[in-house]
Every structure is written in C-alpha cells, then in structure tokens.
Amino acid sequence: MIIELSSGGEVTIALRPDLAPKHVEQIKTLVRDGAYDNVAFHRVIEGFMAQTGDVQFGDMEDGFEPSRAGMGGSSLPDLPAEFSDVKFERGVVGMARAQNPNSANSQFFIMFTSYPSLNGQYTVVGEVEQGMENVDKIKRGDGPNGSVSNPDRMVRVRIAGDK
C-alpha cells in the first residue's frame, strides 16, 4: 500500500495478510474504492503514533467533521480481532478500534516508536517498508488526546500491484 502524504513524500507499507487476512482484505477494498483519499491524520501523538483512516468523518474534501474525526468507520462491517505476537515497534501499522477488540473497521495507526503495552491487544496489518522519514513529518496533535487542528492527510492511497 502506497500513501501519498500532504506533508510531502510517500510511505510504502508492506501489508501482512499472513497475520490479519480479514483486516488486510478490508483495507485493500477501501483503498481500491478511493475511500482513504484525502483522509486526515486526526490523532497524532509525539512518541507514540499517527492515526488515520476515518473514512466517515475524516475526508477533508467530502464531509470532514473535525470534532467527530476518529469516531467513524466505513460502510463495511467491523472485524473480529486477528491478534498476533508481532510487537508494536517503530513503523508497525495497527488497526485502531474501540474498547471492544472486535470493533476495528477502517482506521489504522503507524507507530513512531516501540509501545509494548499494545502488544497482543491490537491487530497488526503491516509495517512501513519505505518512507518512515515522511511519517515523521506528519503534523503532531495539539489538542486533547492528540487531536490535530488543520491536520495533514493521505492525499492518495493505492495498492502497488494494481494498475
């Protein structure tokens, strides 16, 4: 999965269907539908992670609702957890969810650093292969819980193997 960032550059993420086949398939469906294009990095916490993927309230060109960004998902169903023993370290991509472990839908996050308390608690869907220096440039949050005013976004997202 290749993400073009509004803050500059691209990020290439190696998706891991071997770890989370249902989650990866849902991500690919959303990418191919263009659902992730122009979606904000609505929650970005220095020393932790950058979160995006709220296709319901986070699309900065179609229905963006900053106060609700992070509360939405997609029209696709929530997914059952696909936990693995892969550790949450710098560059790992995990699925965001609510309290219920089986509530991941479209939102995901990219780790800035190791965060052992997430291990085995969230579904790992991939890892950054190239462009981590571009992830590091994403605007950090200044609001409660890392909320970002005037956030950076995913301008365009595509699957590398697609034409």
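For residues that are in contact (Cβ under 8 Å) with a residue 60 or more places away in the chain, open to solvent by less than 30 Å² (accessible area, probe 1.4 Å), assigned to a loop (DSSP other than H, G, I, E, B) and in contact with a Lys or Arg (Cβ under 8 Å, 6 or more places away or on another chain), tally how many sit in segment 35-57.
2
How many of the residues making up segment 86-95 are open to solvent by less than 20 Å² (accessible area, probe 1.4 Å) and closer than 15 Å to Val24 by Cβ?
Total satisfying the criteria: 4.
Only one of (1) crowded, with 21+ Cβ neighbours inside 10 Å; (2) within 14 Å of the chain's Cα centre (by Cα) fails for Val148. Which number is that?
All conditions pass for Val148, except number (2).
All but one of (1) surrounded by fewer than 16 Cβ atoms within 10 Å (Cβ to Cβ); (2) in contact (Cβ under 8 Å) with a residue 40 or more places away in the chain; (3) farther than 18 Å from Lys22 by Cβ hold for Phe83, so report the exception by its number.
(3)
So which of Lys28, Lys22 ends up being touching a Leu at 6+ places or on another chain (Cβ under 9 Å), surrounded by fewer than 24 Cβ atoms within 10 Å (Cβ to Cβ), of a type in the set (Lys, Arg) and more than 20 Å from Gln130 (Cα to Cα)?
Criteria check complete, one pass: Lys22.
The values are calculated or read from the model by the stated rules, or taken from the named source; none is laboratory data. Computed from a prediction, not measured in an experiment: that's the story for all the values here. FYI the Cβ positions are ideal-geometry reconstructions off the backbone, even for glycines, and counts take in every protein chain you see. Keep in mind that these areas ignore ligands, DNA and RNA; they rest on the heavy atoms of the full protein, side chains included. Shrake-Rupley method; radii C 1.70, N 1.55, O 1.52, S 1.80 Å.
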